[in-house]
Structure formats: structure tokens, C-alpha cells
Amino acid sequence: MNLLFRLLLTFNATSLLVIIFLVQKAYTLGHFFDNCTFLVEMHNMVSYGLYFTVPVIFTGVSIYLSRYLGKDDFKVGQVIDMEHANNSFLPSYLGYFFVALSIMNWETLFFVYGVLFVFTFLSQALYFNPLFLLFGFEFYNIKTKSGGAIFLISRHEYKTADEIIIKEAHRINNYTFIEWR
């Protein structure tokens, strides 16, 4: 289950690259299904909206499936430092957009997406996906009393490290947890 979940999270985190490519090249659903008159005549923005809906739905599915992951807790005093991480990953993620805008053809897209997917999956350190923001999640880098560095995805808005007392956080990997209380 954990492997499939991590594959899904990797897809969610990298899929916007493909969507930016499709929009930049003006590939609508009518382009792919030219025999369907309804899709050919549909406004471009409808296609683009549907493209964006796919990773949003898969992100929702991954949030739902996270309940089946292993559980951990964070006790009083266990977290000694906390940093809000929403903005620190945005520049890296925007890099995907600029790469997508420079891709000229399908072969390059498949190669670049494949390399990006593999490296994102194998890094296993963080699963930053800005689409989690649409579901009300925040991102935190936290440091534990034992010296561990953890990436926490949470619906709770923490202001200080002392506030981080979690009865149930789901373990994505040894460095990443999701809490959706």
C-alpha cells in the first residue's frame, strides 16, 4: 500500500508539468478526440479546467488513502523547532512550470517527465504538492528532540513548536507525515 501511495503522491506532485505543456501547446480534448464533435467545439478553457481537475481529484484520493498508512504520534515536548514551509518549496516547484514551457514536443515531454518522476519518487525525502493547499493543508519543517528532521503536512495551522502535539499522524515515509485532524 505504501508503495502505491508514494507513486500516487509523486504523480500528483509532478503532473502539473504535463498540464502546463498541454495548455502551452493549446492541446484541447478536441485535439485528442477529434471524432467527437462536442469535444472539438468545446471552449479551450473547459479542456484546461478538466486537465487541472485530474491531479486535484488524485490529490483528494491520496488524502483519503493516507488513513491506511502507518500511524505515529508527536508527544508534548517532542518537537523543539518548527518552520512554516509553504513558501520555501514554491521556487522549486515553479521550476517545473518553466521547464514545461520550454518543452517543444511529446518525446521531450515524456523524457523530462520520466526523469522528474523517477527523481521525485526516489528522493523520498519530501512530497511537496501545492495542490494540498487547495485542501486546506499547510507544510512544516519540524525538528524533534532526538534530532530528527521531519516534513509535516497538516490541516492545523501551527504557530510554535510547542503547539505540535499530534495524537495521530500518518507516516508516508521516515521523513514525511500527514495529519488531517
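Just so it is clear, none of the values below were taken in a lab; they were calculated from the coordinates. All values reported here derive from a predicted model rather than from experimental measurement. Counting neighbours? That spans all protein chains shown, and the Cβs are built from the backbone with ideal geometry, glycine included.
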Note on the chain: contact order normalised by length, alpha-carbon pairs under 8 Å, 6 or more apart, percent, works out to 30 percent
Here the net charge surrounding Ala161, from other residues whose Cβ is less than 12 Å away from its Cβ (Lys, Arg +1; Asp, Glu -1), is -1
Given 49-62, 86-99, the highest-first ranking by average Cβ count within 10 Å works out to 49-62, 86-99
Helix 90-102 sits off the longest principal axis of the Cα atoms of the chain, rounded to the nearest 10 on a 0 to 90 degree scale, by 20 degrees
For the chain, the charge dipole (Cβ of Lys, Arg +1; Cβ of Asp, Glu -1; about the Cα centre) points to a positive end, and the Cα of Ala169, Pro55, Met82 closest to that extreme belongs to Ala169
Of all GluC sites (Glu not before Pro) in the range 107-181, the ones in DSSP coil with at most 11 other Cβ atoms within 10 Å are Glu157
For the range 78-169 the mean separation of alpha carbon contacts under 8 Å (6+ apart) over residue count, i.e. relative contact order in percent, is 44 percent
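Note down the net charge around Ile150, summing +1 for each Lys or Arg and -1 for each Asp or Glu among other residues with Cβ under 13 Å from its Cβ.
Net of charged neighbours comes to -2.
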Taking the chain and counting helices only, DSSP H stretches of n ≥ 4 at -39,500 (n - 2.57) each over all residues, the nearest-500 ellipticity at 222 nm comes to -15000 deg cm²/dmol
Two pseudo-spin positions, 7 Å from Cα along C-beta at Asp162 and at Val76, lie apart in nanometres by 1.2 nm
For the chain, longest principal axis from Cα atoms; helix 2-24 axis from its Cα atoms; angle between them, nearest 10 degrees, is 40 degrees
Karplus-derived 3J(HN,Hα) from phi for the range 62-71 (6.51 cos²θ - 1.76 cosθ + 1.60, θ = phi - 60°), whole Hz, x at Gly and Pro, runs 5, 5, 4, 5, 4, 5, 8, 7, x, 10
Under the Karplus relation with 6.51, -1.76 and 1.60 and θ = phi - 60°, whole-Hz ³J(HN,Hα) for the range 104-116, x at Gly and Pro, equal 9, 8, 5, 4, 5, 4, 4, 5, 4, 5, x, 4, 4
